[in-house]
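The values are calculated or read from the model by the stated rules, or taken from the named source; none is laboratory data. Every value quoted in this text rests on a predicted model; they were computed, and no experiment measured them. Backbone-built Cβ (ideal geometry, glycine too); neighbour counts: all protein chains shown. Each accessible area value is taken on the protein alone, full model and side chains, heavy atoms only, with ligands, DNA and RNA left out. Shrake-Rupley method; radii C 1.70, N 1.55, O 1.52, S 1.80 Å.
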Amino acid sequence: MSYIEPAPLKDRENPFEAMMSRFHIASQLLGLDDEIYNVLKNPAKQVIVSIPITMDDGSIKVFEGYRVIHSNILGPSKGGIRFDPGVHLDEVKALAAWMTWKCAVVDIPYGGAKGGIRCNPREMSSGEIERLTRAYTTALHEIFGPDRDIPAPDMGTGPREMAWLMDTFSRSQGMTVNSVVTGKPLVLGGSLGRTEATGRGVMVSALAAMERLKINPYRATCAVQGFGNVGSWAATLLAERGVKVVAVSDISGAYYNENGLDVKEIIEYRNNNNNSLEGFPNAEALDGEEILYLNVDVLVPAATEDVITKANAQRIKAKLIVEGANGPTSSKADSIIADNGVVVVPDILANAGGVTVSYFEWVQNRLGYKWTEERVNRRSDRIMKDAFEKVYNTALDYKVPMRIAAYVVAIDKVAKTYKFRGGF
Ligand code: NAD
């Protein structure tokens with residue numbers, strides 16, 4: 001039997017503390033009651049499951065899985081499931097809280113949750129991943145439910161895993177329950193527009209910010225860190241709207257061309273190259289981290305958390321950062337970035353397009369009806385634009401960066417709802 005040890009958090013900022021430091025600032029600005037502060041600072045529920053799986057070679061490996069429900073004050077909790085060797089309880093707790101704030105910022109009736117399994121899906125066969133997904137779902141079938149807690153994809157998971165989750169949950173209920181999970185394949189009740197939704201929301205908020213900053217998209221350059229679901233769609237849609245994408249990166253490194261990259265060509269290359277950008281021609285290969293320091297108008301971190309820290313924030317030259325990833329900027333970097341006049345569209349706003357269309361998927365499943373892609377995009381664009389304006393205006397009112405303003409908008413909504421609902 002082997003056991004995957006937790007990845008150390010040593011060199012990284014504790015993500016839960018990073019979330020809490022912003023939560024604290026926004027709570028003070030709002031003059032939040034101690035009672036509500038204490039309710040919201042702790043997750044409502046944290047579940048850890050131990051999952052033994054028979055591997056293809058016949059050995060048994062035990063994986064650790066998590067599901068954290070931060071809040072269900074606004075409605076059933078919602079949040080993705082991450083398969084990654086770095087999954088850690090503190091990280092899942094932070095991501096769950098971020099989901100609460102994210103849903104509140106875009107004004108959809110969900111609380112926040114997150115889940116994950118510490119595993120390396122890149123080293124596992126499809127059969128091993130399927131057994132792991134089904135065992136995790138079985139272990140948590142009393143937590144999940146369309147009116148209780150609704151998972152979705154995150155790093156390392158996608159429609160395939162969501163289909164297994166939906167099927168396993170449905171078997172436990174003795175009926176098909178497709179609204180228990182979002183990000184499903186279309187034939188299982190997935191929504192048109194869901195795959196590109198997070199990247200599309202990044203594009204909508206980037207364009208809204210560029211309008212406010214008077215940056216002409218047709219003259220703007222952009223670098224995108226991470227070329228998975230979020231990064232590749234953000235790059236595609238920004239390029240379609242005239243922005244010159246000069247650099248992209250993934251775990252293999254960064255690829256730069258000052259004359260602009262052909263995003264379609266990069267996607268095709270990645271799809272034919274085992275999902276990696278390694279060896280991409282028509283670009284200069286750079287060290288992965290260098291993508292953060294390029295002289296571009298817009299930087300989209302869309303890989304993972306804690307990539308912009310107090311150690312490197314000073315080197316950022318972009319005028320605008322649009323956070324496709326969750327938590328790419330450490331809390332200690334916030335003030336350095338703000339002092340340098342860099343505007344940040346924060347994660348809980350910029351990447352909320354995904355959960356918005358997830359909500360539409362759940363609505364469609366419950367209606368037993370399918371919307372056109374045009375309707376999905378139109379409605380999600382409107383939600384993203386409205387949320388952007390609300391956060392931007394709150395930032396002006398309170399004279400704070402947009403990140404704190406987004407927390408102010410979110411905490412205010414959850415706190416007001418809590419006051420009406422009350423406690424015991
Ligand atoms: P993904 O697994 O599809 O892609 C991740 C990409 O980042 C890959 O290209 C990978 O090679 C790259 N990467 C990982 N570590 C890196 C590093 N250190 N440097 C450079 N590149 C690195 O994941 P995704 O779904 O695109 O999610 C990316 C981020 O966006 C995560 O923070 C996730 O929580 C967040 N997010 C995702 C969604 C969604 O709908 N998928 C929604 C909201 C937020």
Report the Cα centroid-to-centroid distance between segment 239-295 and segment 191-221 in angstrom, as an integer. 18 Å
Could you tell me which of the pairs Lys244/Lys370; Lys114/Lys310; Lys93/Lys244; Lys319/Lys390; Lys61/Lys102 are separated by over 31 angstrom between their Cα atoms in the structure shown? Lys244/Lys370; Lys93/Lys244; Lys61/Lys102
Listed residues Ile321, Ile150, Ile251, most fluctuating in the chain (Gaussian network, C-alpha, under 10 Å): Ile251
Among Leu286, Gly253, Ala94, flag the residue with its Cα farthest along the positive direction of the charge dipole of the chain, charges on Cβ as +1 for Lys/Arg and -1 for Asp/Glu. Ala94
Could you grab the relative contact order for the chain? Cα pairs under 8 Å, six or more apart, rounded to a whole percent. 16 percent
Evaluate the relative contact order of segment 43-188 (contact order divided by residue number), counting alpha-carbon pairs under 8 angstrom at least 6 apart; express in whole percent. 24 percent
Could you check how much of the accessible area of segment 43-188 is carbon and sulfur, as a whole percent, using a 1.4 Å probe? 51 percent
Average Cα contact separation per residue, segment 21-112, under 8 Å, 6 or more apart, as relative contact order %: 25 percent
Which net charge results for the neighbourhood of Lys390, defined as the other residues with beta-carbon distances under 12 angstrom from its beta-carbon, given Lys and Arg at +1 and Asp and Glu at -1? -3
If you restrict to DSSP beta bridges whose two residues both lie in the chain, what percentage is antiparallel, to the nearest 5? 45 percent
Expressed in angstrom and rounded, the centroid-to-centroid distance over alpha carbons for segment 68-118 and segment 21-36 is 20 Å
What's the center-to-center distance, using Cα atoms, between segment 122-150 and segment 315-375 in Å? 26 Å
Would you tally the net charge around Pro281, using a Cβ to Cβ cut-off of less than 15 Å, leaving Pro281 out, and scoring K and R as +1, D and E as -1? -3
Only Lys, Arg (+1) and Asp, Glu (-1) charged, at Cβ; the chain dipole about Cα centre in debye: 1320 debye
Neighbour net charge for Ala206 - beta-carbon separation under 15 angstrom, K R +1, D E -1: 0
Determine, for each peptide in 80-86, 297-303, 43-49, 368-374, the mean count of other beta carbons within 10 angstrom over its residues, then list the peptides with the highest first. 297-303, 80-86, 43-49, 368-374
Computed helical MRE - 222 nm, the chain, DSSP H runs ≥ 4 contributing -39500 (n - 2.57), nearest 500: -14000 deg cm²/dmol
Ranked highest first by the average count of other Cβ atoms within 10 Å around their residues, in what order do 72-78, 121-127, 360-366, 195-201 fall? 195-201, 72-78, 360-366, 121-127
Dipole size in debye (nearest 20) for segment 16-104 around its Cα centre, Lys and Arg Cβ +1, Asp and Glu Cβ -1? 260 debye
Order of 94-105, 219-230 by packing, highest average Cβ count within 10 Å first? 94-105, 219-230
